[in-house]
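First up is the structure itself, then whatever we jot down about it.
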Amino acid sequence: MNRFKIPTTQKAVIFSTLNGPLEYKSIPVPKPAPNQLLVNIHYSGVCHSDLHVYKGEFGKTLPNLPLVGGHEGSGVVVGFGSNVTNWQIGDLVGVKLINHTCGTCEHCQQSQETACADSRLSGVHINGTFQQYCIVDALQATKLPRDINLPAVGPILCAGITVYKGLKASLAKPGQWVVISGAAGGLGSLAVQYAKALGLRVIAIDGGGEPNEKEKFVKDLGAEVYIDFTKSADVVKEVHQHSGSGGGAHAALNVSTSEAAIQQSINFVRSRGTVVLIGLPAEAKIKIPILPTVLRQITVKGSYVGTNWDTHEAVDFFARGLIRCPIQIVGLSELERVFKLMEQGKIIGRYVVDTSK
Ligand code: NAD
Ligand code: ZN
């Protein structure tokens, strides 16, 4: 017997053209297929990827229109299809970007499902978490502990797992220096904390905002050094000055939305260092000089969200109180305003929408 009464319609934010009107309106509640859960989304983080998708910056043909965006959802399981056996009605659940994978390709078979070419993404290929009820493949839904902070865990489900996975991919070890470029944003604010929890030393780069606002913000989260890229005469030189005598940091994570910052990040690391590319500025390209990259044995790698197991670990760090999500909660009806603030670079930390408002 299902104690939840499921309505036939629900509130959602939906768009029919790229960069067109964002409509807050009633749409039908979806029905779960045999392998899917129906989730009552209570909260959803707003990721910069949602803005890229809405603006058509991930390629004009990628999103399925009309579309409900969102991929950092937290809520409650209120229904499921006939094949689902590992979930109960009332379980707390997270909905992330990867909503479905094929389960049979070489990447899925090796539990590296983020590389599945047939994956379906929440808020890109199928309606995401900017609505009150969404569907998700039972195998890609994230089990959340019963006492989890439901509004604050949302950002962990994209921003958190992405930076946690990116830091692991950097191979930086406890005591070593990592540069986080874009440190005051949604991903950056979590990257600083995961890095600290992993025993790394953080040089945070960001810029703008009120005087000292971002510096205080990232230092409160655990960064030892802050560099304001809008004020520094030479960001690379400052990184080298602050990261000991080794000729740069051991690793750099780019979570900024700036092509220039990515280009620059190649020069942040010392020999045998790793640069992890995460931010996705539209159509950005970088040029890497071959001779020093080869002789200094620099690794440049892309990192994309995280697997189910990365997600489990990233949520566990949060559940144990090691990560604090710096969130501001607003109503789902205010999503358009959040996108505008994000576009203007005025967001510090993460906005989370409450789907009941
Ligand atoms: P955000 O807007 O919250 O944060 C971006 C931050 O970058 C801001 O604080 C901004 O001030 C800062 N910034 C801008 N220019 C900079 C520069 N030159 N140097 C240093 N900092 C600079 O965005 P977010 O939600 O944190 O997302 C960041 C990026 O990561 C987006 O492009 C998003 O699409 C991408 N992303 C990638 C993955 C992945 O799996 N690879 C997952 C999630 C998000
Ligand atoms: Zn995201």
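Each value in this text was obtained by applying a stated rule to the coordinates, not by laboratory testing. Not measured: the values here are computed from a predicted model. All Cβ positions, glycine included, derive from the backbone under ideal geometry; neighbour counts span all protein chains shown.
In Å, what is the Rg of the alpha-carbon atoms in the stretch 59-127, and how long is Dmax?
13.8, 38
Please give the direction-averaged projected area of the C-alpha convex hull for the stretch 161-302, in square nanometres with one decimal.
The orientation-averaged projected area of the Cα hull of the stretch 161-302 comes to 7.8 nm².
What net charge is computed for the residues neighbouring N99, neighbours being all others with C-beta under 15 Å from the C-beta of N99, Lys and Arg scored +1, Asp and Glu -1?
Local charge sum for N99: -3.
Read phi for every residue in the stretch 156-172 and hand back ³J(HN,Hα) as whole Hz from Karplus 6.51 cos²θ - 1.76 cosθ + 1.60, θ = phi - 60°, with x for Gly and Pro.
5, 6, 10, 4, x, 5, 5, 6, 4, 4, x, 5, 5, 5, 6, 6, 5
So, counting K/R as plus one and D/E as minus one, what does the shell of residues with Cβ under 9 Å around G207 add up to?
Computed value for this residue: 0.
At what distance in angstrom do the alpha carbon centres of the stretch 184-215 and the stretch 55-112 lie from each other?
29 Å
Convex hull volume of the Cα atoms in the chain, per residue, in Å³?
132 Å³
How large is ³J(HN,Hα), in whole Hz, for each residue of the stretch 343-357 in order, when computed from phi with the Karplus curve 6.51 cos²θ - 1.76 cosθ + 1.60 and θ = phi - 60°, using x for Gly and Pro?
Coupling constants for the stretch 343-357: 4, 7, x, 9, 9, 10, x, 9, 8, 10, 9, 9, 6, 7, 10 Hz.
Check T307: other-chain or 5+ apart residues with amide H under 5 Å from its amide H, H built from backbone geometry?
none
Based solely on its DSSP helices, what 222 nm [θ] is calculated for the chain when runs of n ≥ 4 H residues each add -39,500 (n - 2.57) and the sum is averaged over all residues, nearest 500 deg cm²/dmol?
-6500 deg cm²/dmol, from helical runs alone.
Throw me the Rg/Rh for the stretch 303-357, computed over C-alpha atoms with Kirkwood Rh, two decimals.
In the stretch 303-357, Rg relative to Rh is 1.07.
Filter the cross-link list K168/K216; K196/K219; K96/K165; K168/K231; K196/K216 down to pairs whose alpha-carbon distance in this structure exceeds 19 Å.
Over 19 Å Cα-Cα: K168/K216; K168/K231.
Each residue of the stretch 89-99 in order: what ³J(HN,Hα) in whole Hz does its phi give by Karplus 6.51 cos²θ - 1.76 cosθ + 1.60, θ = phi - 60°, with x for Gly and Pro?
4, x, 4, 7, 9, x, 10, 10, 4, 6, 9
Can you give me the three principal axis dimensions of the stretch 248-357 from its C-alpha atoms, in Å, biggest first?
56, 34, 22
Fewest to most neighbouring Cβ within 10 Å: what's the order for F217, F4?
Lowest to highest Cβ neighbour count: F4, F217.
Name the residues whose placed amide hydrogens come within less than 5 Å of the amide hydrogen of I126, ignoring near sequence neighbours (fewer than 5 apart) on the same chain.
Residues meeting the amide H criterion: L121.
List the lysines whose alpha-carbon lies under 24 Å from that of K5, not counting same-chain residues fewer than 8 positions away?
Qualifying lysines at Cα under 24 Å: K25, K31, K143, K357.
State the three equivalent ellipsoid semi-axes of the stretch 65-213, derived from the C-alpha gyration tensor as the square roots of 5 times its eigenvalues, in descending order and whole Å.
30, 19, 16
Non-local amide H neighbours of I329 (under 5 Å, H modeled in plane, Pro and chain starts lacking H): which ones?
When sequence neighbours closer than 5 places are left aside, the close amide H contacts are V352.
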